[in-house]
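Notes for the one structure printed next.
Laboratory data are not the source of any read-out in this text; all were calculated from the coordinates shown. This is a predicted model, so every value here is computed, not measured. Cβ sites come from the backbone with ideal geometry, for glycine too, and all protein chains shown count toward neighbours.
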Amino acid sequence: MRTRLRPDEELLAVVRRHWIVLGGPLGWTLLLLGCLIGALFIRRPWVAPAAGIALALCVAWAAWRWLDWRFDLWAVTTQRVIDESGVLSVRMIDSPLDKIENVTCLQSLWGRMLGYGTLNVQTAAEVGSTTIEKVTRPIELKELILAQQQNGRYRVMARQVAPLMAAAAHARTASQAHGGPVGEAALDDARECPYCAEIIKIRARVCRFCGRNV
């Protein structure tokens, strides 16, 4: 992958198109190789050179298709989905996880049997949507993207609740040390979630950590 990760970013998965996209170039190369071998038994001066030139062109085409497959990839990180392609020139599209609105996966009968499909990621960013066809393990990739979206929401909520937790911890320490009315009053505004034991507001109806009704 040629895209540089950010200092606080972690690479989770890199996927490419299924090997079936290389079936055509490989098949034509083997076919022309067989024709070249057969041309050796034909007593025509132009047959063998023509078959050799055709084989060389087919090998060059197959090599180019392999390079195109090699550099056409999707990467999922803890912050974004990266669509990267191009052999000589590079095209990179970033889809931030918090901007992704919908992820759809389409699989044909052969796709379900061989493990490939089409994945489309629709975002609210300027890039709109990105699509990769015949990608390997599309269902697992979709689940990974959705899971990272959820983890991102938890991290945002944790940053928002951090000041409240710090204030509650300070109030508890002050109350234990002094037993004064100030510490007790501060503690009255916070309580523990009965499910995840995190500190939440006393009047909160939904825990901002586990999402359950309290």
Exercise for the section: State, to one decimal in nm, how far the label point of Thr29 lies from the label point of Arg70, with both points 7 Å from Cα in the Cβ direction. Expected result: 1.1
Handout entry: Partner lysines for Lys142 [C-alpha distance under 20 Å; skip if fewer than 8 residues away on the same chain]
Key = Lys99, Lys134
Handout entry: Inter-label distance for Arg2 and Ala197, nm, one decimal - labels placed 7 Å from Cα along Cα-to-Cβ
Key = 5.0
Exercise for the section: Please give, to one decimal in nm, the separation of the simple spin-label points placed at Trp19 and Ile53, each 7 Å out from Cα toward the Cβ. Expected result: 3.4
